[in-house]
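Following: one structure in structure tokens, then a few remarks.
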Amino acid sequence: MKFIKRGVIIGFLTLLFVCFSFIEKNETVQYESNKEIKVAYFASGCFWCVEAVFESLHGVEEAVSGYAGGHTNNPTYQSTGSGKTGHAETVAVYYNPKKISFKTLVTVYFGSHNPTTVNGQKPDFGSQYRSIAFYKTDLQRKIIINAITELSKIYNNKIATEVTKFTKFYIAEDYHQNFERRNPNHPYVRSVSIPRLNNFKRKFPELLK
């Protein structure tokens, strides 16, 4: 009987491992397999908010919450929140460049948060909430720098956004994915995420799905 129970438990744990492995692969790899789809990475405060903003865009296939920009491997929500990993809450934006350009994504990025705030977006503060625009190519870096140059004229050279070469993205825990859409009545979503999304929609109605 003990062997039967042990076999059932092992089988159940194996099934869970397979299921979670599939979920992670499904959320992070399926769009990369399509050669038309590219991925851009942005950090600008709580990733629940950032994910919702980018997913509302025409030409964006998916947005995935995770961590990037730090110096440790396999960060978690808890370790990133401690401020000791160097990582920031980041969103991977899977987009079709035939429908929306990287330059437009950058415009949306800077237009959907306050780039002058150091280490956070109200009401979230800490290095894990800092503003980072990641680039993969020299052209992407140039696009970001040009945007900052123009914004500096408006904000009197107070742009706090980091311009960082992309190295690695770690997907966040499953419960963070599509959090705003799945939890519309969550107090934070109602008081912070939804107002931020609605404000963005009012500014960029022509870009919405």
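Taken together, the values in this text are just the output of simple stated rules run on the coordinates, not laboratory data. Please read these numbers as outputs of a predicted model, since none were measured by experiment. Cβ: placed from backbone, ideal geometry, glycine included. Neighbour counts: every protein chain shown.
Things to note:
- Sparsely packed loop sites in region 32-138 (the GluC sites (Glu not before Pro) outside DSSP H, G, I, E and B with at most 12 other Cβ atoms within 10 Å) comprise Glu32, Glu36.
- Packing rank of 96-108, 137-149, where each peptide gets the mean count of other beta carbons within 10 Å, highest leading: 96-108, 137-149
- 20 Å Cα-Cα reach of Lys35 towards lysines, excluding residues that sit fewer than 8 places from it in its own chain: Lys25, Lys98, Lys99, Lys103, Lys136, Lys168
- Each Cα pair under 8 Å and six or more residues apart adds its separation to the average, and for region 63-204 the resulting relative contact order is 28 percent.
- When His186, His71 are sorted by how many other C-beta atoms sit within 10 angstrom of their C-beta, beginning with the fewest, the order is His71, His186.
- Karplus-derived 3J(HN,Hα) values for region 68-76, using 6.51 cos²θ - 1.76 cosθ + 1.60 with θ = phi - 60°, are 7, x, x, 10, 10, 8, 6, x, 10 Hz; glycine and proline are entered as x.
- Our estimate of slack between Asn34 and Thr167, defined as 0.36 nm per intervening residue step minus the Cα-Cα distance, is 45.8 nm.
- Label point at Lys136 placed 7 Å out along Cα→Cβ; residues across region 79-100 whose backbone nitrogen lies under 16 Å: 91-100
- Using a Förster distance of 35 Å, the FRET efficiency for Glu206-Thr116 (Cβ separation, nearest 0.05): 0.85
- Amide H to amide H, with H built 1.01 Å from N, Glu62 comes under 5 Å of Tyr94, counting only residues 5 or more places away or on other chains.
- Dipole axis of region 87-194 (+1 Lys, Arg; -1 Asp, Glu on Cβ), positive-most option in Thr137, Val91, Gln121: Thr137
- Spin-label model distance (nm) - Phe125 vs Thr72, 7 Å beyond Cα toward Cβ: 2.3 nm
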